[in-house]
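K.L.:
This is the structure I want to talk about, given as structure tokens.
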Amino acid sequence: MSIRVGKAAAAPAFPIAAHEALQNDQLRRNVRHATNVIRTKRALRVDEMPDWQQLRQAGSDLKQHTLAHLDHYLEQFAANCEKAGGKVHWARDADEANAIAIQLIRDHSANDPHPEVIKVKTMTSDEIQLNPALEAAGITPIETDLADMIVQLGHDEPSHIVVPALHKNRFEIRDIFRKEMNLPDLTETPEDLTAAARRYLRERFLRTRIAVSGANFAIAETGTVCVVESEGNGRMCLTLPDVLITLIGIEKVIPRFADLEVFLQTLPRSATGERMNPYNSLWTGVTPNDGPQHFHVILLDNGRTQLLANELERETLQCIRCGACLNACPVYRETSGLAYGSIYSGPIGAILSPQLQSLDHSRSLPYASTLCGACYEVCPVKINIPEVLVHLRGRIVRGDQKTLSGKLSIENIAMQTAAKIFLSRRRYEAAQRLARIGQSLFERKGQLVNLPGMAGAWTATRDLRPIPAQSFRDWWKERPASSKGAAR
Amino acid sequence: MTAREQILATIRGHLGTQASNPAASHALIPATYNRIGRLSPEARLELFLDRLTDYDSEIHVLPTSDAIPATIAQVLATTGETQLIASTAFPSAWLPSTITPILDGNLSIEEVGVAQAVVTTCESAVASTGTIILVHQGAQGRRLITLLPDHHICIVRRDQIFEHLPEALTPILPNARLPITTISGPSATSDIEMTRIRGVHGPRRLTVLIY
Amino acid sequence: MHYNTGYHAEAIPLVRNFVHTFRDAEAVCVPSASCVAMMREHYELIARNENDALLLQEVQLLLPRIFEFSELLTNHLKVTDVGATFPHTVTYHPSCHSLRMLHISEGPIKLLKQVRGLSLIDLPNKEQCCGFGGTFAVKNADVSMAMLGEKQSCIIETKAEVVTALDNSCLMQIYGGLHRSNSEVRTLHIAEILAAEGARA
């Protein structure tokens with residue numbers, strides 16, 4: 001089984017990657033600006049909704065219910081989709097999904113040794129690394145989301161989940177377009193650049209016969225698939241080609257068509273701070289004379305089923321990929337998602353990426369959080385991300401403690417020692433006395449400096465007051481019974 | 001074992017014994033959010049107009065459907081558009097006599113691509129979000145015809161306008177398996193230096209006629 | 001600290017110890033919102049996971065008597081004026097646990113407003129985390145510092161002489177940055193302000 005989450009297996013640990021990301025002032029400024037804008041808009045749109053908390057609860061309830069009956073709803077979706085003329089394929093992991101996609105594209109490109117496919121942005125395809133697999137098979141994927149297109153034409157990497165071309169300014173984009181679109185007189189105004197992209201892509205939309213998309217929701221009751229978008233490239237890819245291949249993570253299924261009434265209210269407000277995003281496309285199987293006449297769904301597991309056994313871990317699968325947690329997270333704000341080493345970054349990435357890969361990779365991600373709870377506050381399906389983080393930390397620690405190196409790690413010994421000290425008043429007060437004596441070694445001008453070990457990471461950048469000469473308890477014992485409190 | 005069988009078996013294994021009646025427990029999920037609006041029809045219309053204005057849509061509120069053909073003609077005259085497309089099922093009485101529309105039943109992409117403007121009816125609308133919902137059949141046309149032209153003229157009947165999304169979805173349920181598109185303003189992107197630009201793909205102009 | 005870092009087994013004796021130590025207290029005053037949050041969120045869960053019915057019962061009996069310091073004053077003793085005098089400009093940093101887990105927002109403000117001479121200045125972006133996060137502060141020191149930088153800028157922007165909070169963990173972090181950058185802004189736990197000059201016993 002080759003469960004894969006992007007290139008996460010090769011990514012450096014979070015603290016190391018974060019250190020890198022923190023150096024990039026420009027990107028940090030851009031990310032701060034972008035997240036501020038969306039957060040403010042989100043707050044505005046949410047404040048308008050007197051029933052926001054009820055919608056969140058309903059979303060959470062619906063997702064929990066669905067996951068508790070996931071087999072039932074997946075079967076129902078598959079049956080209804082096929083009844084309507086679609087074909088449903090099941091993929092256990094990334095390799096299997098890619099192989100299915102490649103075979104389908106080849107089946108439908110009999111006369112073309114180097115087929116092209118147009119793509120609607122889907123993080124699921126990044127998760128399974130679909131594009132490199134297609135290219136290796138001689139198939140050219142053409143990204144049609146504006147930012148992904150800029151990145152692709154610029155032979156670059158996405159710098160951000162929400163706004164992948166955030167690192168490119170208008171002049172750089174103009175230069176890319178001038179070169180790749182053969183438009184020597186193109187100006188750098190966003191209006192002109194957008195118009196150029198519109199014309200360039202339109203030509204591709206009209207002639208490419210195969211499209212690949214993801215989906216936001218798969219409705220079991222009817223076999224309907226729903227794609228939520230802003231730019232219109234989704235509508236183009238979902239309507240114009242002859243063949244449509246849609247990649248859907250198994251957690252995207254929802255029971256009833258009417259359930260959309262909850263998610264289509266919470267998703268746009270959470271994701272982009274809009275009352276409603278410009279376009280939602282819904283289709284079921286194949287409709288004669290309207291849209292692709294060959295429709296294939298690839299249902300993807302790739303590690304998701306592993307999360308079902310534990311109820312807390314199962315919550316992770318409630319995610320509707322709105323990104324609100326990213327925008328709310330103070331850690332993400334500083335590191336811009338590059339530090340997470342995974343297509344899924346921010347708070348949801350910190351719990352999803354490691355779990356999909358059975359905690360073999362991305363082990364540092366559950367620790368990439370202060371547990372401040374800002375994510376939980378904004379999650380439209382009420383995933384208790386801090387609770388899942390603590391749970392994952394527990395699993396990681398328990399796993400480490402089974403190994404000799406884990407048992408002997410400085411952190412483990414420190415934690416064991418601290419626990420022993422906290423358990424006994426005698427030991428605690430002895431430790432305090434010892435600390436009062438020992439800290440004099442590290443005192444300079446009333447501050448503690450150059451502390452050894454892990455504590456050194458504190459004193460390298462922050463001052464630290466020494467333990468006071470008198471503890472609160474001692475002070476309380478000594479004060480006169482009727483006195484007022486000590487003034488400062 | 002096929003992939004399907006294996007995935008389903010894994011799921012069942014992890015979920016353990018579950019209640020065998022998902023429909024029953026689904027029905028038990030409380031829906032305490034607002035499903036029905038409380039605004040009067042006039043207030044609802046005002047709200048809808050406010051949202052459409054936010055999207056820079058051109059709006060014409062008509063006393064009756066009699067004014068539709070003349071309004072369409074006037075709109076097209078202002079924009080100078082002459083190539084209008086409509087579904088063959090679109091009421092011919094509503095088409096202006098001054099132009100010869102392209103009528104779509106199953107035209108090719110190239111044939112539809114000639115159209116500059118498209119006129120359709122709609123299935124329902126949501127006032128609070130300024131959303132128009134099309135179910136692609138009859139006078140609402142195939143998806144293709146509201147996708148390629150640059151100008152979409154949409155005819156909305158007053159009683160199709162609901163305050164909240166749940167009510168607007170209810171009339172659609174019987175047709176849930178048809179292609180459906182919800183439209184809330186023109187397309188948009190903020191990908192270039194976080195500057196919001198309207199009109200990337202799909203019609204850049206939306207004109208709404210309400211009768 | 002243990003529980004949140006993942007040392008769940010090690011936390012269990014600590015929970016028992018706490019419950020036994022304070023079992024007979026009329027009220028337990030905890031000058032740390034994060035500790036109270038830990039207790040309210042996890043003590044019952046821990047007892048259940050241990051299948052320890054007796055511990056669960058003791059936890060359930062004790063929890064209603066546990067108060068974060070400001071809660072003890074405003075919610076239990078119904079007091080907002082403790083007779084304190086503290087003629088300084090003060091800004092209040094609501095720690096994440098107090099805000100999001102204990103839902104404390106008005107109480108400390110009311111207490112501070114009653115302090116004679118105290119001028120309360122609102123902290124911009126107050127709900128943003130200071131970057132302490134327990135072991136996060138050393139395991140992810142770089143990011144912790146970046147977050148602290150933003151909190152510090154907001155505090156300095158208020159031009160307040162003092163920044164206060166319900167949690168000494170946040171205050172330790174904030175002090176660490178302010179003092180390292182030679183700022184004159186002082187950090188005081190809310191109890192220290194409320195005990196200032198003329199506080200009744």
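K.L.:
For A:LEU317, state whether it is assigned to a strand (DSSP E or B), farther than 25 Å from B:HIS152 by Cβ and within 13 Å of chain B (Cβ to nearest Cβ).
P.N.:
Working: assigned to a strand (DSSP E or B): no; farther than 25 Å from B:HIS152 by Cβ: yes; within 13 Å of chain B (Cβ to nearest Cβ): yes.
Judged against the criteria, A:LEU317 is not a match.
K.L.:
Filter the range A:338-353 down to the residues that are crowded, with 24+ Cβ neighbours inside 10 Å and either within 14 Å of chain C (Cβ to nearest Cβ) or not in a helix (DSSP H, G or I) (or both) and list them by number.
P.N.:
Listed by number, the residues that qualify are A:ALA339, A:TYR340, A:GLY341, A:SER342, A:TYR344, A:SER345, A:GLY346, A:PRO347, A:ALA350, A:ILE351.
K.L.:
So which residues in the range A:228-255 are among the β-branched types (Val, Ile, Thr), open to solvent by 10 Å² or more (accessible area, probe 1.4 Å) and under 19 Å from A:LEU62 (Cβ atoms)? Working first, answer last.
P.N.:
Kept after step one, since they are among the β-branched types (Val, Ile, Thr), are these residues of the range A:228-255: A:228, A:239, A:243, A:245-246, A:248, A:250, A:253-254.
Now drop any that are not open to solvent by 10 Å² or more (accessible area, probe 1.4 Å), which leaves A:228, A:239.
Listed by number, the list holds a single entry, A:VAL228.
K.L.:
For residues that are touching a residue at least 40 places away in the same chain (Cβ under 8 Å) and either within 12 Å of chain B (Cβ to nearest Cβ) or assigned to a helix (DSSP H, G or I) (or both), tally how many sit in the range A:97-114. Spell out how you get there, then give the answer.
P.N.:
If we filter the range A:97-114 for residues that are touching a residue at least 40 places away in the same chain (Cβ under 8 Å), which is where we start, we get A:97, A:100-101, A:104-105, A:108-109.
Remaining after also requiring either within 12 Å of chain B (Cβ to nearest Cβ) or assigned to a helix (DSSP H, G or I) (or both): A:97, A:100-101, A:104-105.
Qualifying residue count, the range A:97-114: 5.
K.L.:
Does any residue in the range A:67-94 that is over 16 Å from B:GLU5 (Cα atoms) and modelled with pLDDT of 95 or more come within less than 7 Å, Cβ to Cβ, of a residue that is assigned to a helix (DSSP H, G or I) and open to solvent by 20 Å² or more (accessible area, probe 1.4 Å) six or more places away or on a different chain, and which pairs are these?
P.N.:
A:LEU67/A:ARG314
K.L.:
For the range A:205-218, which positions are under 21 Å from A:SER125 (Cβ atoms) and either within 9 Å of chain B (Cβ to nearest Cβ) or small (Gly, Ala, Ser) (or both)?
P.N.:
Our first condition is that a residue be under 21 Å from A:SER125 (Cβ atoms); within the range A:205-218, this holds for A:205, A:208-218.
Matches in the range A:205-218: A:PHE205, A:ALA211, A:SER213, A:GLY214, A:ALA215, A:ALA218.
K.L.:
Among what's in the range B:137-175 and is open to solvent by 10 Å² or more (accessible area, probe 1.4 Å) and assigned to a loop (DSSP other than H, G, I, E, B), pick the residue that is farthest from B:ALA31 (Cα to Cα).
P.N.:
Filtering first and then ranking leaves B:ASP150.
K.L.:
A follow-up question, please. When you scan the range A:256-272, do you find a residue that is open to solvent by less than 20 Å² (accessible area, probe 1.4 Å) and part of a loop (DSSP other than H, G, I, E, B), even just one?
P.N.:
No, the conditions are met nowhere in the range A:256-272.
K.L.:
While we're on this one: Determine if the range C:2-18 includes at least one residue that is in contact (Cβ under 8 Å) with a residue 40 or more places away in the chain and away from chain A (no Cβ under 11 Å).
P.N.:
Within the range C:2-18 (the criterion being in contact (Cβ under 8 Å) with a residue 40 or more places away in the chain and away from chain A (no Cβ under 11 Å)), the answer is no, since none of the residues qualifies.
K.L.:
Here's another thing I want to ask about it. Which members of the range A:169-204 meet the condition of being more than 10 Å from chain B (Cβ to nearest Cβ) and either under 23 Å from B:VAL114 (Cβ atoms) or in contact with a Cys (Cβ under 8 Å, 6 or more places away or on another chain) (or both)?
P.N.:
Once the filter is applied, which keeps residues that are more than 10 Å from chain B (Cβ to nearest Cβ) and either under 23 Å from B:VAL114 (Cβ atoms) or in contact with a Cys (Cβ under 8 Å, 6 or more places away or on another chain) (or both), the range A:169-204 yields A:ALA196, A:ARG199, A:TYR200, A:GLU203, A:ARG204.
K.L.:
Within the range B:39-50, is even one residue assigned to a loop (DSSP other than H, G, I, E, B) and either open to solvent by 40 Å² or more (accessible area, probe 1.4 Å) or at positive phi (or both)? First the steps, then the outcome.
P.N.:
Here is the first cut: in the range B:39-50, the ones assigned to a loop (DSSP other than H, G, I, E, B) are B:39-40.
Those left that are additionally either open to solvent by 40 Å² or more (accessible area, probe 1.4 Å) or at positive phi (or both): B:39-40.
For the range B:39-50, residues assigned to a loop (DSSP other than H, G, I, E, B) and either open to solvent by 40 Å² or more (accessible area, probe 1.4 Å) or at positive phi (or both): present.
K.L.:
Mind checking whether some residue in the range B:2-21 is open to solvent by 30 Å² or more (accessible area, probe 1.4 Å), part of a helix (DSSP H, G or I), small (Gly, Ala, Ser) and within 9 Å of chain A (Cβ to nearest Cβ)? Let's see the steps before the verdict.
P.N.:
Here is the first cut: in the range B:2-21, the residues open to solvent by 30 Å² or more (accessible area, probe 1.4 Å) are B:2, B:4-6, B:9-10, B:12-14, B:16-21.
Applying the additional criterion that residues be part of a helix (DSSP H, G or I) yields B:4-6, B:9-10, B:12-14.
Filter again for small (Gly, Ala, Ser), leaving B:9, B:13.
Among the residues that remain, those that are also within 9 Å of chain A (Cβ to nearest Cβ) are: B:9, B:13.
The answer is yes; a qualifying residue exists.
Rundown of residues vs (1) outside any strand (DSSP E or B); (2) of a type outside the set (Gly, Ala, Ser); (3) in contact with a helix residue (DSSP H, G or I) (Cβ under 7 Å, 6 or more places away or on another chain); (4) surrounded by fewer than 23 Cβ atoms within 10 Å (Cβ to Cβ), yes/no style:
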{"site": "B:ASP66", "(1), (2), (3), (4)": "yes, yes, no, yes"}
{"site": "B:VAL75", "(1), (2), (3), (4)": "yes, yes, no, yes"}
{"site": "B:ALA86", "(1), (2), (3), (4)": "no, no, no, no"}
{"site": "B:ALA93", "(1), (2), (3), (4)": "yes, no, no, yes"}
{"site": "B:THR100", "(1), (2), (3), (4)": "yes, yes, no, yes"}
{"site": "B:ASN106", "(1), (2), (3), (4)": "yes, yes, no, yes"}
{"site": "B:VAL112", "(1), (2), (3), (4)": "yes, yes, yes, yes"}
{"site": "B:ALA125", "(1), (2), (3), (4)": "no, no, yes, no"}
{"site": "B:SER128", "(1), (2), (3), (4)": "yes, no, yes, no"}
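K.L.:
Is there any pair linking a residue in the range B:164-185 that is under 22 Å from A:GLU229 (Cβ atoms) and more than 8 Å from chain A (Cβ to nearest Cβ) to one that is of a type in the set (Gly, Ala, Ser) and assigned to a strand (DSSP E or B), with Cβ under 6 Å and at least six apart or on different chains, and which?
P.N.:
Cβ pairs passing all conditions: B:ALA168/B:SER124.
K.L.:
Given (1) modelled with pLDDT of 95 or more; (2) loosely packed, with under 14 Cβ neighbours inside 10 Å, where does B:ASP56 come up short, assuming only one miss?
P.N.:
Of everything listed in (1) modelled with pLDDT of 95 or more; (2) loosely packed, with under 14 Cβ neighbours inside 10 Å, B:ASP56 misses just condition (1).
K.L.:
Spot the failing condition for C:LYS126; the list is (1) open to solvent by 10 Å² or more (accessible area, probe 1.4 Å); (2) part of a loop (DSSP other than H, G, I, E, B); (3) at the interface with another protein chain (Cβ under 10 Å from one of its Cβ atoms), and only one is missed.
P.N.:
So C:LYS126 meets the others, but not (3).
K.L.:
Checking A:GLY406 against (1) at pLDDT 90 or above; (2) farther than 27 Å from C:GLY149 by Cβ; (3) in a helix (DSSP H, G or I): exactly one of these is not met. Which one?
P.N.:
If we test A:GLY406 against (1) at pLDDT 90 or above; (2) farther than 27 Å from C:GLY149 by Cβ; (3) in a helix (DSSP H, G or I), just (1) comes out false.
The values are calculated or read from the model by the stated rules, or taken from the named source; none is laboratory data. It should be emphasised that the depicted structure is a prediction, and the values quoted were computed from it without experimental measurement. As a convention, Cβ positions derive from the backbone with ideal geometry for all residues, glycine included, and neighbour counts pool all protein chains shown. Heads up: the accessible areas ignore ligands, DNA and RNA and are worked out on the full protein's heavy atoms, side chains in. Shrake-Rupley method; radii C 1.70, N 1.55, O 1.52, S 1.80 Å.
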